[in-house]
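Written out below as structure tokens is the structure these notes cover.
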Amino acid sequence: MKIRLVYWKNSTTGSSPSGTLFDLATKIEKLSELEDKLAAPNFWDDQEAARATVAELKSIKAVVEPAQEASALGEELEAMLELLSEDEDAEVQGELDEGLTRLARDVSRLERFTLLSGPNDARNCFFSIQAGTGGADACDWAGMLLRMYQRYFDTNGFEVEELAFNSDEESGIQSCSLLVKGLYAFGYLSCETGVHRLIRISPFSAQGKRETSFASVDVQPQVEDIEIEIDWDKEVREDTYRASGKGGQHVNKTSSAVRLTHLATGLVAQCQNERSQHKNRATARTMLLSRLYQVEQAKRDKEFAAIYDAKGQIGWGNAIRSYFLYPEQRVKDSRTGHVTHNSQAVLDGDIQEFIDAQLRRRVSQRHQ
């Protein structure tokens, strides 16, 4: 097997998405060029090039529009401040305070974009959850994590496609694989890669004992422009099976689901959401290639290398975040030290502060 890392390139300039974020004038000019290209009558003649252009346009728009809005708001608040200095009007003061709060929120959002400078950060991603050892408690915890992330996806407008889903007979899920689509989906969600630990009174214990459960989250960018030479017949084992998820009667009654195992690394990719075995195989291959790509890239990144080295142990010593529901309520990230005492809000999908803290940590590590 041979792998060559190929990063996404700007379709016209050849630059990567990690360019200077606040070179706003250049970005506005580029946005105008792309909009003109999009309006051309023959734009969709080359489907692949058209999709790349649309993706680039969305990426630039996501930065330009908030920056313009923040700039306009800043000018408006400056005028209010001048007015307030001439006449202390309580109503104007209230509007000014509200506007400053909005501006702080908008600037925080723009700051987040500056932290998303990785070559794959703007991509869609494959997102997987796997229950650790611990029977029903671990599967229930994996199901709770899935609910948490689904709420986060909804809040951020991410589109989610279910690829594989293995429910547990008693509670929760054994595992699931999703394709998450949206701008910077990988950049945000890669911060969640690792083992998540839950401490609570077990609802499955008749004695009401405190239990610790583990589940792992794995995230890879959806990379389609990589060159990997692989002998699918010799290097990969393919298994077909009947889907056990929520795929409908036809999916469940035929062996349309496909599981691929890369023999040299043990990496597994599976897909069962399509009725066609051919389509499931194609998606599983894309997933497996993305995972091989991520492992290769991890060799160049000490932090990700450590995560992948620990993948075999979904348990003690490897947790990136701990969720305490008993005897106290708190969630603590072991990498950044970020803590909140509102565990329920986190489990309801309010995880952006944890992601932001990890993004800042990554940037600081790059500059050490």
With no solvent term and unit scatterers on the alpha-carbon positions of the range 254-295, Debye gives log₁₀ I(q)/I(0) at q = 0.19 Å⁻¹ of -0.50
Burial order of peptide ranges 217-223, 159-165, 101-107 (average beta-carbon count within 10 Å, highest first)
217-223, 159-165, 101-107
Rounded FRET efficiency, nearest 0.05, which uses the C-beta distance separating E162 from D231 and R0 of 41 Å:
0.85
Under the rule a/c < 1.5 gives rounded, and otherwise a/b versus b/c splits prolate from oblate, where does the range 20-115 land using the Cα gyration tensor?
prolate
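Read-outs throughout are calculated quantities, based only on the coordinates presented, and are distinct from any laboratory measurement. Please read these numbers as outputs of a predicted model, since none were measured by experiment. Backbone-built Cβ (ideal geometry, glycine too); neighbour counts: all protein chains shown.
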